[in-house]
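Here's the structure we're looking at; comments come further down.
The values are calculated or read from the model by the stated rules, or taken from the named source; none is laboratory data. Nothing here was measured: the structure is a model prediction, and the numbers come from that model. Reconstructed Cβ throughout: ideal geometry from the backbone, glycine too, with neighbour counts over all protein chains shown. Please note that ligands, DNA and RNA were not included when accessible areas were found on the heavy atoms of the full protein model with its side chains. Shrake-Rupley method; radii C 1.70, N 1.55, O 1.52, S 1.80 Å.
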Amino acid sequence: MKNIVISLGGSVVSADGGIDTKFLEGLSKLLGQRLRDNRFAITCGGGGTSKLYVEAARKFGASEYAKDEIAMATTWANALLVKAALGPDRCSFAGSVAEASNMIKDTPIVVLGGIMPGITTDTVAVLAAESMGAKLLVNISRVGGIYDQANKRKVFQSLNYNKLVSMAISKDPRRARSNFIFDVIASKLAARSGIELHFIGTDLHDLGCVLDGERHTGTVVKA
Ligand SMILES: Nc1ncnc2c1ncn2[C@@H]1O[C@H](COP(=O)(O)OP(=O)(O)OP(=O)(O)O)[C@@H](O)[C@H]1O
Ligand SMILES: [Mg+2]
């Protein structure tokens, strides 16, 4: 049995006031077919819901900490929605990484949201991978991979950890809703534990390829 972690971008769940139920149905079907050999821990970002709330809080002059707290609550809403989509009979919600790594011993799928202000759900995903000995982490976002900053149409096929960390550092203001595909802490933790990262978009064929160890259209990050 292999533990695999998925960092599911919030914008994949909720964007522009809508929820992508079709994607979640597809995800449920695909993961359901892979449960004989794998268990999954899925962290969910806040996406469009978080954006809506954080922008309103900004108008009230809320602190960065308060905005992160609000954003975190939206990640729980998304995680609980993903649990509903994947089936509560085979999926549980964990409120911490420690709880997730305990639950995964006898639950096929564990979902998580944020765990504390200042820490992104990508970082939660890597911490979950470290704690449950997962060596593979799939990041799913609206962007199909990591692109070259100088040419957004060029998606890297593979990168090493150093390159990912330097790209993440150059784009990290550490504010709620800041925009790089994977944050610095998550990138550094993945590097220290040699966790292979796969960045893909919402085409579930790519997720199938990652799980089968085949090439996909996104980006692989390793040593
Ligand atoms: N070099 C890059 N390669 C890929 N995406 C990049 C790059 N630089 C910046 N980005 C931005 O990163 C964003 C994707 O990650 P982001 O974490 O914002 O989305 P998400 O994970 O779906 O949402 P959430 O943070 O709510 O979970 C996109 O807006 C993309 O434009
Ligand atoms: Mg993301």
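Structure values in brief
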{"item": "Close pairs from segment 1-13: first outside any strand (DSSP E or B) and hydrophobic (A, V, I, L, M, F, W, C), partner open to solvent by 10 Å² or more (accessible area, probe 1.4 Å) and within 16 Å of ligand 1 (Cβ to nearest atom), Cβ under 7 Å, at least 6 apart", "result": "Val12/Asp20; Val12/Phe23; Val12/Ser141; Val12/Arg142; Val12/Thr202; Val13/Ile19; Val13/Asp20; Val13/Leu81"}
{"item": "Output for segment 124-137, where each listed residue is away from ligand 2 (no atom under 11 Å from the Cβ) and not basic (Lys, Arg)", "result": "Val124, Val126, Leu127, Ala128, Ala129, Glu130, Ser131, Met132, Gly133, Ala134, Leu136, Leu137"}
{"item": "Residue within segment 110-123 that is farther than 14 Å from Ala186 by Cβ and polar (S, T, N, Q) present", "result": "no"}
{"item": "Count - residues of segment 25-51 that are out of contact with any strand residue (DSSP E or B) (no Cβ under 7 Å at 6 or more places or on another chain), more than 26 Å from Glu69 (Cα to Cα) and either open to solvent by less than 40 Å² (accessible area, probe 1.4 Å) or assigned to a strand (DSSP E or B) (or both)", "result": "6"}
{"item": "Number of the exception - Arg215 against (1) in a helix (DSSP H, G or I); (2) open to solvent by 60 Å² or more (accessible area, probe 1.4 Å)", "result": "(1)"}
{"item": "Per-region count, segment 20-47, residues within 16 Å of ligand 1 (Cβ to nearest atom), at pLDDT 95 or above and of a type outside the set (Gly, Ala, Ser)", "result": "6"}
{"item": "Residue identified as open to solvent by less than 40 Å² (accessible area, probe 1.4 Å), within 25 Å of Ile119 (Cα to Cα), in contact (Cβ under 8 Å) with a residue 24 or more places away in the chain and among the β-branched types (Val, Ile, Thr) among Val184, Val220", "result": "Val220"}
